[in-house]
Amino acid sequence: STSPFPSQKPKSELVRTSLRLLTSSAYRLQCECKKTLPVETCPTTDIQLVTQQVIQCAYDIAKAAKQLVTITTKENNN
């Protein structure tokens, strides 16, 4: 796995947890968005449900990114 901090290992478990959430949410977002493509869309695709999933994934990504900023800012200030 590629880390946004290539020169250093994340210092805390919180950073690792946030990175895992960010990675898994990004992957889920990609999968949900693919469902909206004409090639992937089948007649039973519930676009409203997919849209809700996309919004949830985007929220999780934003939450993880905010956690990372907060944690790394605190660590850098110590």
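The values are calculated or read from the model by the stated rules, or taken from the named source; none is laboratory data. Everything quoted here is computed from the prediction, not taken from an experiment. FYI the Cβ positions are ideal-geometry reconstructions off the backbone, even for glycines, and counts take in every protein chain you see. When the accessible area is computed, the model is the full protein with side chains, heavy atoms only, and any ligands, DNA or RNA have been set aside. Shrake-Rupley method; radii C 1.70, N 1.55, O 1.52, S 1.80 Å.
Being open to solvent by 90 Å² or more (accessible area, probe 1.4 Å), within 27 Å of LYS74 (Cα to Cα) and touching a residue at least 12 places away in the same chain (Cβ under 8 Å) is true of LEU14. When restricted to residues that are closer than 30 Å to SER12 by Cβ, of a type in the set (A, V, I, L, M) and open to solvent by 60 Å² or more (accessible area, probe 1.4 Å), region 33-61 contains 1. Pick out the one residue from ARG20, ARG28 that is open to solvent by 90 Å² or more (accessible area, probe 1.4 Å), among the basic types (Lys, Arg) and at pLDDT 90 or above. From the options ARG20, ARG28, the qualifying one is ARG20. State whether one or more residues within region 31-45 are closer than 21 Å to VAL69 by Cβ, of a type outside the set (Asp, Glu) and modelled with pLDDT of 80 or more. No; the residues of region 31-45 include none that is closer than 21 Å to VAL69 by Cβ, of a type outside the set (Asp, Glu) and modelled with pLDDT of 80 or more. Residue pairs whose Cβ atoms lie under 6 Å apart, sitting 6 or more positions apart in sequence or on different chains, and linking a residue in region 64-76 that is touching a residue at least 40 places away in the same chain (Cβ under 8 Å) to a partner that is open to solvent by less than 90 Å² (accessible area, probe 1.4 Å), are ALA64/SER18; ALA64/LEU21; ALA64/LEU22; GLN67/SER18; LEU68/SER18; ILE71/VAL15.
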